[in-house]
Amino acid sequence: MQIVEVDIKNFRGIKSFKQSFYNKKLVCLIGRGDSGKSTILDAIAYALSPNWNVPFNDNDFYNGDTSTPITIDISIMVPENFLPEDKYGMYLRGWDTVNNEIRSELKEEYERIITIRLEIADDLEPHWYVYNECQEENKKDINNKDRARFNCFMVSDYLEKHFTWGSGTPLYAISKGDMDLSEYNSKFIKPIRDAVNKINENDFSSLNKCFEDSISSELIHIANTKTKLEARDVHFSINKLSLHDENGIPYRLKGKGSKRLLSTSIQLATVKDGGITLIDEIEQGLEPDRIKKLVNLIKTTAQDSDSQIFITTHSNNVITELGAENIFIIRRNDSDCTVIAKEVPKELTDIVRACAEAFFAKKVIVCEGKTEVGICRAIDNYLKANNRHIMSYYGCIAIEGTGSNFAKRSQAIKNLGFETLVLCDSDIGCTPSKEDLRNIGVILCDCEEGNKIETQIFKDIPYEAVKEIVQYAIEERYNSDESHFFDSAKAKNSEFPSDWKDNDCELVRKTLADISTIKDKEWFKRIDRGEELGNLIFKYFDNINDEACLKKQLNQIMRWIES
Amino acid sequence: MTYDELLENFLSKHKSLLISPAGYGKTYTIVECVKKAQGKSLILTHTHAGIAAIKKKLLSANVSKDKYQVETITSYAQKYVKSFYVGEIPSIDAQTNNYWQFILEKAESIFKISHIREVIHSTYNNLFVDEYQDCTISQHKMILALAEILPTHILGDPLQGIMEFGEKLVDFTNDLTDFDILPELDIPHRWYQDGNNRQLGDFLKDVRAKLIDDIPQSIDLNCISNDIITVVKTNEEIYDTEFLSNPENRYKKCIKQLINNPNHNPIYESLLILVPEYPTSTRPHGTITDRAKIKNIIDFNHQLELLEAIDGKDFYNLAKDIDTLISSIHNARLPIKKIKENVLEKLFNKTDINTWIKDSTIINKRNPEEKQKAETLKILITNFIETPSAKNLYLLLKFLKDNLKLKNQRYSLLKSILDCLCAENTESIYKAMINQRNRIRRVGRKVEGKCLGTTALTKGLEFDTVAILDAHNFTCPKNLYVALTRASKKLIIFSKTLTLTFRQEYGNLPAKYLFP
């Protein structure tokens, strides 16, 4: 069974959301908190719920406004046994696989689907029916038994039910309801009944006597009153049968991670039979290695079956493991309050693996190299020191563009809908060109023409800062041996003066920039060193000329972060 | 070949045809086939009356309801077109023919889509089509599309193929070459049953043989024994002034007595009075208006049910007129007159209406009881004029019918208009009428007791007694054969002539219609 489209209106934080999941056996929804990921899973779970009723309240309506009904449309491939006319055969719709759209006409080349609609109006009574615009006047209800055929279950925090064999549970779905009733009777109901009878053979004589002695029999006949265990209180049903570990400990008492893993394993068994599994925050309670294992298991299970798994996550580990193909970024469109999903193209797997964090952000600074990433960290330090909000407050994250790759990455990230700023050198061209990036709305923060970032820094900062940076470099890169440094400088430019400390001139600054970027002997090119470099710049930040390119760049970045 | 072998044979072929004259156990054969067949059978027929008859037999044979589904060919097609055709569907009343033609063509192409084929295939194991002689070419093409999905077994009698709407009917000789043809059913079971007229059965079998071998120019009623058929020679026709106006007219008295059944003969309680439909130089005879008029004259005690075509255009026209009335009564100069002319006179007897409403006023009454009623009538009419709603019109019509007891000529028309006025959630009475007609078409309706109708409306039905009025006006041999074979116990023929002559244009029926 496979969901081809989810269409939600007016449900909780979602005013409207519509997304195709055709042919997606595994769907991973990511997005920042409150973007609506969990609401989407809940919506699917409710619309395909095997329970005959689900309680709703006013808060389930978007903005609490009960005047517009909640509608959740789940369009799904049609199970064989739904085809007859008196089932849902007259309600089939077409899925246009070329345009990824629902059609009320059912052409040969379309896939056949049905749409399960859950509608809740202001009376709060959920109404499940099969929707087809041609049958607007002739709605056909779908009862919980038929909904149970979708085997749609959610791994959530309220899992205890999932470890029992009661009806409507995934274990029940696996057993397909055909438990051996005689076994159930002989091994379960009868022993309990026998035990109750045995208890009631006892004579609770002291209690009986106490009753007789103290209660007056004038008003009512109470002779031979007996104390017994009432059968009602030992009412047992199949949902009392639950899973226990080898030591007899019920699984419901286990830790969160283990419980979720077991629950997930049970759901995955239903997936093999064509079920739909929903897992909210899959990483919950799990260590990175268990996450990896779980994600891999889910991936292979989904591939080998005729069904679908929906997960949400906030974890880098999860999406790094998954790769791009299955990821949908969920975000709010503030202009019309809708929630939209952006599917990550599968070519982007290397970017997903390299910059997983970016996919959880709102704004992304793509840095040309590690130095720039370090500088961004320094920006964060500066903001914090000045009691301004730090980058994560704004959902902003800096990632590395690994040299000439930065242009491609920033283009991909921008196309996925993230606000994107590029911090880069201006010494080389790139593909796509900077012009192309600007045209798709990427903000470029580059140095003056032909300058690397180091060149720009050594050009613009006060000389005090230059000396402090060189001092840092001598300690880090020249074993605190100043002469070693001087020799290198001299080697780079023979005119490098020995009194460079007191000789603030263009030649000195230029040479310093040059030797700081000698290939394989770079002073920085590491995030921590870049961060130190940045910290030193910010130490003298107020003294940098306001018109200097570097200051303009840094201010531009900070303004962009805070916008 | 025994009957059982015949059934086995019929069922075993993917496409098979069984010639089955009326009364020769056709419905019984369908029931037996449904019982024998694996899984669920789809049974398609033509008329709503036909559905009712088949369902009744299936019920009395205790066939489980999940073994069958009975529908008309057109409503089955309509169901699929409504579910799966996207686009404009012509409106049902404008050109009824165009509408059904359209539905059948679209259904045919829908049945060719593999998804739909699977729906049908997963629902049914067999298809039976009853009264195949009544299939038009477009219905036949649609059935052929279904025959690609389900083993298809058709039953019918080319001798009963009455042309109704003008579209050509299926030709058994040329159009059914793909079908395996089984030996014809040849025992007139209906008439051989206890209590039925065995001799009539034998007589009809003879007539049938003659019609098949060669279309005779005429049928002679002169020498028929009274035990077989009661022939009454009349001096006039039912449209003559003598018949319409003379209370002592013998022909009319005969019919009235038959309806009133003073001796309580049980076989007259199941009575069908048939009126021929035929063109004349001025206007066609036998229309619903004619039949309503005749009913008025012969049926004082309202015992006859006037059979109406479900898609009779009067239903739609009157519903539209009511919508117009509701929306435009505000502007009417003489609103009462308008109500009277546009609605009341179409439902109630004019003379009766005129005792209460004259021109544009309510007539004042002296008698205190009548005075009270006139007052109420005034209030109801004023209410409707001030607030022209379906509800207020309903109250008015209901009052005319139940309290003033105005005679109504078209009971089923009045009843369906009242239903539509009460319908909820419809934008118009017209829309409500379309819904209601569709519902009736789907559910089917019961026809029993004493009825007045035409052969077209009663094909496939059987009555203990059938009285054919103006039999000399049945000029089509097939129509006459259908009329004759409706009777199982008693057949009464009223005719001006004792030789029923067929018109020349019907003479070219295929003799030996089938077997090469």
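Readers should treat all values here as calculations from the given coordinates under stated rules, not as data from a laboratory. Quantities reported herein were computed from a predicted structural model and do not represent experimental measurements. Don't worry about glycine lacking a Cβ; one is built from the backbone with ideal geometry, like all the others, and counts go over all protein chains shown.
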So what's the gap between the Cα centers of segment B:317-396 and segment A:192-261, to the nearest angstrom? 75
Here, chymotrypsin sites (Phe, Trp or Tyr not before Pro) of segment B:253-338 satisfying both criteria (DSSP loop; at most 14 other Cβ within 10 Å) are B:Phe300
Against the longest principal axis of chain B, how steep is helix B:411-422, in degrees 0 to 90 to the nearest 10, with axes from Cα atoms? 70
Treating only the Cβ of Lys, Arg, Asp and Glu as charged (+1, +1, -1, -1), what charge dipole size does segment A:1-65 show about its Cα centre? Round to the nearest 20 debye. 340
Please compute one quarter of the surface area of the Cα convex hull for chain B and express it in square nanometres. 26.9
Cβ-based charge dipole, the protein assembly as shown, positive-most Cα from A:Ile14, B:Val31, A:Val366: B:Val31
Taking a threshold of 23 Å on the Cα-Cα distance, which of the pairs B:Lys337/B:Lys378; A:Lys24/A:Lys293; A:Lys492/A:Lys551 fall above it? A:Lys492/A:Lys551
Heads up, segment B:274-328 by the C-alpha gyration tensor (a ≥ b ≥ c square roots of eigenvalues; a/c under 1.5 rounded, else a/b over b/c prolate, else oblate) looks oblate
Output the relative contact order of segment A:361-563, whole-number percent, from Cα pairs under 8 angstrom with separation of 6+ residues. 29
Suppose every K and R has +1 on its Cβ and every D and E has -1 on its Cβ; what is the size of the dipole of the protein assembly as shown about the Cα centre, in Debye to the nearest 20? 4060
The relative contact order of segment A:285-345, taking Cα pairs under 8 Å that sit 6 or more residues apart, comes to a percentage of 26
Go from 0 up to the bin containing the longest alpha carbon distance in the protein assembly as shown, width 20 Å each, and give me the % of pairs per bin. 10, 25, 24, 20, 13, 6, 2, 0
Count of lysine pairs, segment A:175-241, Cα-Cα under 28 Å, sep. 8 or more residues or interchain, comes to 17
Say R0 is 22 Å: what FRET efficiency, to the nearest 0.05, do A:Arg388 and A:Glu464 get from their beta-carbon distance? 0.35
Please identify every one of the trypsin sites (Lys or Arg not before Pro) in segment A:20-120 that sits in a loop by DSSP and has no more than 15 other beta carbons within 10 Å of its own beta carbon. A:Arg32, A:Lys107
A 22 angstrom limit on the alpha carbon distance is what I want to check against. Which of A:Lys459/A:Lys519; B:Lys35/B:Lys65; B:Lys313/B:Lys490 exceed it? B:Lys313/B:Lys490
Using a simple charge model, +1 on the beta-carbon of Lys and Arg, -1 on the beta-carbon of Asp and Glu, nothing else, what dipole does chain A show about its Cα centre, in debye to the nearest 20? 1060
One finds, for A:Asp122 and A:Trp52 with R0 = 22 angstrom and r their Cβ-Cβ distance, a FRET efficiency to the nearest 0.05 of 0.55
In the structure displayed, which of B:Lys256/B:Lys496; B:Lys459/B:Lys496; B:Lys340/B:Lys405 lie more than 20 Å apart, Cα to Cα? B:Lys459/B:Lys496
Quick check: pseudo-label points 7 Å beyond the Cα along Cα→Cβ at A:Asp306 and A:Asn415, how many nm apart are they? 3.5
Please list, in order, the residues from segment A:516-544 whose amide nitrogen is less than 18 Å from a point placed 7 Å along the Cα→Cβ vector of A:Ala354. A:525-527
Taking every other residue with Cβ under 10 Å from the Cβ of A:Asp73 and scoring Lys and Arg +1, Asp and Glu -1, one gets 0
Residues in segment B:101-145 near a label at A:Lys107, defined as backbone nitrogen under 17 Å from the 7 Å Cα→Cβ point? B:109-116
Label point 7 Å out from B:Lys350 along Cα-to-Cβ: which residues of segment B:296-322 have amide N under 16 Å? B:296-297
Extent of chain A along each principal axis, from alpha carbon coordinates, in Å, largest to smallest? 119, 70, 44
At q = 0.10, 0.18 Å⁻¹, what log₁₀ I(q)/I(0) does segment A:361-563 have when each alpha carbon counts as one equal point scatterer in the Debye sum? -0.42, -1.25
Roughly how many Å is it from the Cα centre of segment B:203-270 to that of segment A:496-560, as a whole number? 120
Restricting the count to DSSP beta bridges whose residues both fall in the protein assembly as shown, what percent are antiparallel, rounded to a multiple of 5? 45
Can you tell me, using C-alpha contacts under 8 Å and at least 6 residues apart, the relative contact order of chain A as a whole percent? 13
Per DSSP, the loop-located GluC sites (Glu not before Pro) within segment A:423-494 having at most 16 other beta carbons within 10 Å are A:Glu448, A:Glu449
Could you work out how far apart the two model spin labels at B:Arg198 and B:Ser225 are, taking each label as a point 7 Å from the Cα in the direction of the beta carbon, and quote it in nm? 1.1
